[in-house]
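Below you'll find the structure, written out as structure tokens, and then a few comments.
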Amino acid sequence: VPLPRVLSGIQPSAGSFQLGNYLGALRQWVALQDTTEAFYCVVDLHAITLPQDPAELRRSTLVSAAQLLALGVDPARSTLFVQSHVPEHLQLSWVMECLTGFGEAGRMTQFKDKSQREGTAGATVGLFTYPVLQAADILVYQADQVPVGEDQRQHLELTRDLATRFNSRFGTTFTVPAAYIPPGAAKILDLQSPERKMSKSLPPAGTVYLLDEPAVTAKKIRSAVTDTGREIMADAVAKPGVTNLLTIHSALSGRSVRELEEHFAGRGYGDLKKELAEVVTEFVTPVRQRTTELLDDRAELERILADGAQRAREVARQTVAEVYDRVGF
Ligand code: ADP
Ligand code: NA
């Protein structure tokens, strides 16, 4: 029995991943390598839906790939590549655009949010059709499963609708992918505004980047917003900041939140923050080191990505050939 096939991508924006990316997604990427046939990509085509500096984008893409490898994505067990290296994503995307209703695309709530932020004048057609390219990213590999967070559910529904539509119009071609909610994925909140999720696109004071220097990490954690109480206990409503710090500690140390509450009983927020900074530093230090090593040998890193793209294209090319044939090209 072949292993289920999984596709997941991550944007290269800002150059360094943040703790939420790891604990909410990338850790599961690493785990899924053992039980699935995984395709992982750095989605640089998606990145240009918002303006990017070319040199920075090129750099961010390499830094992102290096971080994925440093975190444990293993090119011997999964296919790691850069989206723009596989032009078949775009070939399929055009076909999918011609199957997507204008109103259907207009209902995507992420476009509404992001275009509002950009202002009507700044929003591009690329930002509008982004979910269709995302559908092509998934369908071109005939993925069985797609690990998704809440924010991506609507896009996966569109992907499933497009696959089903193509199949009924042109004959069964696509696997209709299922959402996979990874067990143990933690939602990490912004350290400065613990009512919203940590994000690489929010101000850096509340975001712990994996590539931050240890002193920067310690300072960010020391300055994390808590509350006026003193007791260290998890209570997502009354103590979102403290709960977030416990969540991060627990996810990285492997100790349960209950256990940590006991461990910190009678101690203050300062103790929790100091220990958490140590736990985070212990985790990120080897990741940073390995990332630097990989970036220092750029030729080898580019070789790994070229090999990944070649393997990805072998699969993607077959799908596009079948699709083009069925469409009448
Ligand atoms: P960002 O907001 O940092 O730009 P993305 O929107 O690119 O992150 O998401 C990349 C992946 O990381 C997604 O799977 C998303 O669900 C996950 N992710 C991002 N931020 C967090 C967070 N704070 N907690 C948990 N998972 C997160
Ligand atoms: Na984002």
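Computed quantities for the displayed model
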{"read-out": "Computed lengthening from ALA105 to ARG298, 0.36 nm per intervening residue step minus Cα-Cα distance", "value": "65.6 nm"}
{"read-out": "Exposed-loop-free span, longest in the chain, where GluC sites (Glu not before Pro) count as exposed if DSSP calls them loop and at most 16 other C-beta atoms lie within 10 Å", "value": "1-194"}
{"read-out": "Exposure proxy ranking, count of Cβ atoms within 10 Å, fewest first, for CYS41, CYS98", "value": "CYS98, CYS41"}
{"read-out": "Burial ordering of MET96, MET108, fewest other beta-carbon atoms within 10 Å first", "value": "MET108, MET96"}
{"read-out": "Inter-probe distance in nm under a simple model that places probes 7 Å from Cα toward Cβ, at ALA306 and GLU231", "value": "6.2"}
{"read-out": "Cα pair distances in region 139-200, grouped into 10 Å bins until the bin that holds the longest one, percent each", "value": "20, 37, 24, 14, 5, 0"}
{"read-out": "10 Å binning of all Cα-Cα separations within region 51-95, expressed as whole percents from 0 upward", "value": "23, 40, 33, 5"}
{"read-out": "The chain - mean residue ellipticity at 222 nm from DSSP helices (-39,500 (n - 2.57) per run, n ≥ 4, rounded to 500)", "value": "-17000 deg cm²/dmol"}
{"read-out": "Potential lengthening between GLU259 and SER201 on full extension [0.36 nm per residue; Cα-Cα distance subtracted]", "value": "17.6 nm"}
{"read-out": "Charge-dipole axis of region 1-130 as Lys and Arg at +1 and Asp and Glu at -1 on Cβ define it, positive-most pick from LEU23, CYS98, GLN83", "value": "LEU23"}
{"read-out": "Global size of region 226-329 as Cα Rg and Dmax, reported in angstrom", "value": "23.7, 72"}
{"read-out": "Kyte-Doolittle mean at least -1.0, axial Cα span of 27 Å or more - DSSP H helices of the chain", "value": "269-296, 298-327"}
{"read-out": "Cleavage-rule hits (trypsin sites (Lys or Arg not before Pro)) in region 167-265: DSSP loop, at most 16 neighbouring Cβ within 10 angstrom", "value": "LYS187, ARG196, ARG230, ARG255"}
{"read-out": "Computed FRET value (nearest 0.05) for ALA121 with TRP94, which takes r as the C-beta separation and R₀ as 41 Å", "value": "0.95"}
{"read-out": "Principal axis dimensions, the chain - Cα atoms, whole angstrom, descending", "value": "72, 44, 44"}
{"read-out": "28 Å Cα-Cα threshold exceeded, pairs from LYS200/LYS273; LYS114/LYS219; LYS112/LYS273; LYS112/LYS239; LYS197/LYS274; LYS114/LYS273", "value": "LYS114/LYS219; LYS112/LYS273; LYS112/LYS239; LYS114/LYS273"}
{"read-out": "Span from the region 256-310 Cα centroid across to the region 159-206 one, whole angstrom", "value": "23"}
{"read-out": "Percent of alpha-carbon pairs separated by more than 19 Å within region 88-195", "value": "51"}
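Coordinate-derived values only; no laboratory data. Computed from a prediction, not measured in an experiment: that's the story for all the values here. Neighbour counts run over all protein chains shown; Cβ positions are idealised from the backbone, glycine included.
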